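Below you'll find the structure, written out as C-alpha cells, and then a few comments.
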DNA sequence: GGCCAGGCTAGCA
DNA sequence: TGCTAGCATGGC
C-alpha cells in the first residue's frame, strides 16, 4: 500500500490504472446505501480505527484519493488504519491490467472497458457486514434489502451526526449476538435470516470466525470454509470472497443482477441460463469478479 | 394481481 | 449427486 501523510489530510495512491471517479459512479448508483454519503464528488464515511471512528471525506486525486477529516484529525497510527481501509475498500493495490488484456478479447466485456476504465470492485472490508449484507440480500429485491439493512443499522448501529446527516458504524457482532431472532423479525428479517445473522455474530464474538483467520486461505479453501456457515451458500460465499477478500476469481454465477445485465447487454428477451453463462465466462478465468462488477455497473 | 427478487436449507430419491 | 418445496414479503 502506498500512502502519504500531508498533515491535515492523507493521500492514498492506487496502482495504475486507478480512477476514483469511476468508483464514485458505483457509489452514486447505490443511492439507497446508508453506510456512506456522496456529497458532490466526495464520499463521506465513518471509518473504524483503534482510536475510535473517524469521519472521513474521500475525493479523487491524481492517481489515487485524498482523504480529509472534517471532524477530528486522527493520529499517525489512525491515519495508517484509515489509509488501509480506503486502500482495501477500493481494491487499490490490485494490478488489473491482466483483466483489461482478457477483456479486450471478449465481446461482452470489451465495450465496458473504455467507459469504466480504472474502476475497481468496490468492497465491504468488514467481514460481519459483508456476510450480513449477503444474507439480507438473498432472494429479495434490492430496494427492500436496503430498507431492511437501513432498519438494522439504525436500530443496532452507532452514529455520528455531521451537517444534518448521520454517519453510521455497522452494528457490532457483540451486540447482534445478544439479540433474539424475534427482534430482527420486527425489522422484517425472515426467521431464517435472523437466525443466520445472529449465529454469525456469535461465531465472530467467540473468535471462531474472523477475517484474519481466513485471510490467507486459498480461494477454494476459503469458499469451502464460508459455505460451512449456515446461511452461506454458493452465491454468498463468492459474493463475500469478491467484496471482502478481494479474490478476483470469485464468481457469483447465480446472481440475478448478473443475469439481468447479460440479458440487457446481449439484447436477449430472456435471461441466459447458468450453463450458457459458464461458457461465456470461459475467457474471464481468474477475473470473474471484475467481469461481474463491470457488468453490474453497466446496467440498471 | 401475479411474478419476481443480488438464494439457502433440509428432505427426499 | 441431483432435485425441489418452503421460506417470507415487498416491489413493480
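Some points to look at:
- Evaluated at q = 0.21, 0.22 Å⁻¹, a Debye calculation over the C-alpha positions of segment A:47-167 (equal weights, vacuum) places log10 I(q)/I(0) at -1.27, -1.29.
- Principal semi-axes in Å for segment A:143-201 [√(5λ), Cα gyration tensor, largest first]: 22, 14, 8
- Stretching the chain fully between residue A:208 and residue A:93 yields a gain of 38.5 nm (0.36 nm per residue, less the alpha carbon separation).
- P(r) for segment A:98-251, from all Cα pairs and a bin width of 10 Å, is 10, 35, 32, 17, 6, 0 %, short bins first.
- Ordered by the count of other Cβ atoms within 10 Å of each Cβ, fewest first, A:297, A:92, A:278 give A:278, A:297, A:92.
- Between segment A:128-206 and segment A:226-265, the C-alpha centres lie 20 angstrom from each other.
- Proportion of all alpha-carbon pairs of segment A:162-233 beyond 20 Å (%): 43 percent
- Taking 0.36 nm per residue of separation and subtracting the current Cα-Cα distance, fully stretching the chain between residue A:4 and residue A:225 would add 75.9 nm.
- Ascending count of other beta-carbon atoms within 10 Å, so fewest first, for A:298, A:56: A:298, A:56
- Note on segment A:1-68: Cα-only Rg and Dmax are 12.3, 33 Å.
- Tail fraction, Cα-Cα pairs, chain A, threshold 33 Å, whole percent: 23 percent
- Label-to-label distance, residue A:80 versus residue A:264, with points set 7 angstrom from Cα along the beta-carbon direction: 4.3 nm.
- Take the Cα of residue A:33, step 7 Å toward its Cβ, do the same at residue A:253, and the gap between the two points is 2.8 nm.
- Exposure proxy ranking for A:11, A:221, based on other Cβ atoms within 10 angstrom of each Cβ and starting from the fewest, stands as A:221, A:11.
None of the figures in this text is laboratory data; all of them are computed from the coordinates on show. If you're wondering where the values come from, they're calculated on a predicted model, not measured in any experiment. A quick note on method: Cβ atoms are made from the backbone with ideal geometry, for glycine too, and the neighbour counts reach across all protein chains shown.
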